[in-house]
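See below for the structure under consideration.
The values are calculated or read from the model by the stated rules, or taken from the named source; none is laboratory data. The model shown is predicted, which means the values in this text are computed figures rather than measured ones. Backbone-built Cβ (ideal geometry, glycine too); neighbour counts: all protein chains shown.
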Amino acid sequence: NSLTVSEQRELEQRLQKRQVKEFMSLFGNLVDNCFTACVDDFTSKALSGREGGCIQRCVAKSMTTQTRLSERFAELNQAMTAEMQNKRF
Amino acid sequence: NSLTVSEQRELEQRLQKRQVKEFMSLFGNLVDNCFTACVDDFTSKALSGREGGCIQRCVAKSMTTQTRLSERFAELNQAMTAEMQNKRF
Amino acid sequence: NSLTVSEQRELEQRLQKRQVKEFMSLFGNLVDNCFTACVDDFTSKALSGREGGCIQRCVAKSMTTQTRLSERFAELNQAMTAEMQNKRF
Amino acid sequence: MFGFGARAPTSAEKVAAVENELKVVAEMHTRMVKICSLKCVDKTYREGELSKGEAVCLDRCAAKFFEAHAKISDHLQQQSAQQGGGFGM
Amino acid sequence: MFGFGARAPTSAEKVAAVENELKVVAEMHTRMVKICSLKCVDKTYREGELSKGEAVCLDRCAAKFFEAHAKISDHLQQQSAQQGGGFGM
Amino acid sequence: MFGFGARAPTSAEKVAAVENELKVVAEMHTRMVKICSLKCVDKTYREGELSKGEAVCLDRCAAKFFEAHAKISDHLQQQSAQQGGGFGM
């Protein structure tokens, strides 16, 4: 299962591409969620102060959420992997 | 439109990849649906007996649904294909 | 940033593939939306006149919506690109 | 629409064409399962089996889905022809 | 972020870079159509045409979407810079 | 399931296998973020920070998500084995 140096380099390139893709989808979901949650008044074509503030808080809160859940995910995933290793050997 | 043996082998390999991908997305949707439908109590960090039972029934029911709809799909798709053949010739 | 003739040809081929893919996803969304919005009576296995009419209006309205929003998108995207060019130089 | 121009298709193109056709059918299947589950299956999961009513609803939903799919495909072609094609993209 | 390091980009990389830019724009377009249709278009489909009110709503929604998109992009860059980047992934 | 048959895997296959494993984990992560945000985070965005209650809810939701994920994976394997595999596809 161990990779040679050139395989590792190939893998890293693919993962970098994936990361760009994931960041794009993250950004897209942020736009979806925050626009959907904050913008509801179509009597004007410019964002109101209230809408702009809501979007700013939505982005901040979403990023804290993302960070917190990613920490939990890493912990839980590590625990699960360790448990599976124990079962296997 | 008929494929040579080597083309057929290439196609089979691709379809196998697709099948793995589709199974993954099926599993993912199952997790989404059953977690969303069954888990709503966050006063504890372990699944309650009620939630666990709900998930088990959700998986069973979803698989029956999937199987039934796949049978209907196959029938309807065959009928549609036959009809299109008749129109063409 | 400018492409050679052969690079341009390669790009066009890729964009054509993407366009087919986008049309497919557009069509899929249309089916999702119009079926979800219009079909709710499962006492029969054939579409009723009301459901069929609703689907027809839904397709027409969705296409007008798509066209209108695409025009707005092109205008806004052009304005944004122009603005970014001005900032850069 | 999926023609290869004047020359004979390469092996890769032939395989891709068959793969694409199967992909279109697979996506239609996935879409149908999602929509008809949503329309017909009770989400409380008090039971792990489909009720008689749910099963009949799934069968009818599948039939209506195929009919709607064909109808929408026809409408789209008509309207694209009228508008000079393109659906605004 | 999308640099090719010190060496000159290969043909494949140049084509992929242009393709990627167009893909980002296409995804933004798709997202806008989905959100603004949801915000502005009545889903009963008693009419096959957009009402005056719906059309105006779509125009304003498109403008607000572009503004929100830029705002969110800015917020994200600021917060990523503050947190030392990464958005928790 | 992801075996390479009798022969030794090629470089491309080895890289793809590692990439695939990481992709499965990444999708699970994305899914968890989406579901737990939906379950725990208030969408009015009057505040830009997570409340204490929301933070605790996210932690518990993450733990429950992992438990449910494992449970569903087990159920699926059992039922697939009983039904002779395939999940109807």
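At a glance:
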item	result
Top-ranked residue of the stretch B:25-53 - restricted to ones that are within 7 Å of another protein chain (Cβ to nearest Cβ) and closer than 19 Å to D:Glu27 by Cβ, ranked as surrounded by the most Cβ atoms within 10 Å (Cβ to Cβ)	B:Leu30
Residue, nearest to E:Ala55 (Cα to Cα), within the stretch A:38-89, restricted to residues that are β-branched (Val, Ile, Thr) and outside any helix (DSSP H, G or I)	A:Thr43
Criterion violated by B:Phe73 - all others in (1) buried (at least 20 other Cβ atoms within 10 Å of the Cβ); (2) at the interface with chain F (Cβ under 8 Å from one of its Cβ atoms); (3) more than 21 Å from F:Ser73 (Cβ to Cβ) satisfied	(2)
Flag for E:Thr30 being more than 7 Å from every other protein chain (Cβ to nearest Cβ) and modelled with pLDDT of 90 or more	yes
One residue from F:Glu67, F:Glu54 being out of contact with any Lys or Arg (no Cβ under 7 Å at 6 or more places or on another chain), more than 20 Å from B:Ser25 (Cα to Cα), among the acidic types (Asp, Glu) and assigned to a helix (DSSP H, G or I)	F:Glu54
Residues of the stretch C:31-63 satisfying the condition of being under 20 Å from D:Arg60 (Cα atoms) and aliphatic (A, V, I, L, M)	C:Val31, C:Ala37, C:Val39, C:Ala46, C:Leu47, C:Ile55
Count of the stretch B:1-24 residues which are in a helix (DSSP H, G or I) and of a type in the set (Val, Ile, Thr)	2
Meets criteria (at pLDDT below 95, within 30 Å of A:Thr4 (Cα to Cα) and surrounded by 12 or more Cβ atoms within 10 Å (Cβ to Cβ)) for F:Leu22	yes
Some residue of the stretch A:4-13 being more than 24 Å from F:Leu38 (Cβ to Cβ), touching a Phe, Trp or Tyr at 6+ places or on another chain (Cβ under 9 Å), free of Cβ contacts under 8 Å to residues at least 12 places away in the same chain and not charged (D, E, K, R)	no
Unique match (being among the small types (Gly, Ala, Ser) and either within 7 Å of another protein chain (Cβ to nearest Cβ) or closer than 27 Å to C:Glu22 by Cβ (or both)) among E:Ala8, E:Ala68	E:Ala68
Which listed residue is more than 10 Å from chain D (Cβ to nearest Cβ) and not charged (D, E, K, R), from C:Gln78, C:Gln56	C:Gln78
Given (1) within 8 Å of another protein chain (Cβ to nearest Cβ); (2) surrounded by 15 or more Cβ atoms within 10 Å (Cβ to Cβ), number of the condition D:Ala16 does not satisfy	(1)
Filter result for B:Ser62 (more than 9 Å from chain F (Cβ to nearest Cβ), under 16 Å from D:Glu49 (Cα atoms) and polar (S, T, N, Q))	yes
